[in-house]
């Protein structure tokens with residue numbers, strides 16, 4: 001696993017062995033970021049450059065760190081797994097991004113009050129457990145999601161995504177076993 005583009009292009013990322021952490025594949029990440037930087041939803045410019053990023057269910061931190069490589073200003077990584085947070089912390093340190101990255105142990109479905117609203121949100125919950133809608137609601141209620149924010153939700157290819165009120169599905173793409181839903185906060 002590696003950073004696909006930007007100032008850290010080609011730099012390796014740690015990914016622990018075993019099934020507990022399922023990092024977004026490099027090709028899926030590359031396709032997602034192409035949409036965020038050049039797709040229909042980026043008509044006014046990149047949704048990544050200058051973004052304040054939230055990576056909930058962060059795992060290795062690959063999505064937030066890819067965004068940092070491509071010009072995001074800050075990132076907050078949330079997970080409730082100590083192994084995931086340790087890996088994400090090591091990856092941020094290996095890229096010299098620790099000053100711009102905050103790592104927080106929390107349940108994304110019931111997070112603490114946010115210190116700031118985030119403009120670009122990545123949600124990559126465990127497949128098949130229908131945690132994304134509850135996480136969107138919980139993060140929004142705690143102030144983590146800015147008005148007009150773009151949320152990229154990764155689920156299994158076969159999962160349906162029921163969005164809470166106040167959120168709109170803008171686009172959906174399938175990549176192998178994954179489905180990426182791009183959602184905006186109204």
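Once the Cβ-Cβ distance of residue 169 and residue 7 is raised to the sixth power relative to R0 = 35 Å, the FRET efficiency obtained is 0.65.
Look at where the Cα atoms of the range 84-102 and of the range 143-162 average out, and the two centres are 23 Å apart. Based on C-alpha pairs under 8 angstrom that are at least 6 apart in sequence, the chain has a relative contact order of 16 percent.
Model label points for residue 30 and residue 184, set 7 angstrom from Cα along the Cα-to-Cβ axis, are 2.8 nm apart.
Helical runs (DSSP H, four residues minimum) scored at -39500 (n - 2.57) apiece and divided by the length of the chain put the mean residue ellipticity at 222 nm at -7000 deg cm²/dmol.
Here the ratio of the Cα radius of gyration of the range 102-184 to 2.2 N^0.38 Å is 1.04.
Rounded to whole Å, the principal axis extents of the Cα atoms in the chain read 39, 35, 34, largest first.
Under Stokes-Einstein, with the Kirkwood radius over Cα pairs as Rh, the value for the range 1-101 at 4 °C and 1.567 mPa s is 96 µm²/s.
Read-outs throughout are calculated quantities, based only on the coordinates presented, and are distinct from any laboratory measurement. Model, not experiment: these values are computed from the prediction. Don't worry about glycine lacking a Cβ; one is built from the backbone with ideal geometry, like all the others, and counts go over all protein chains shown.
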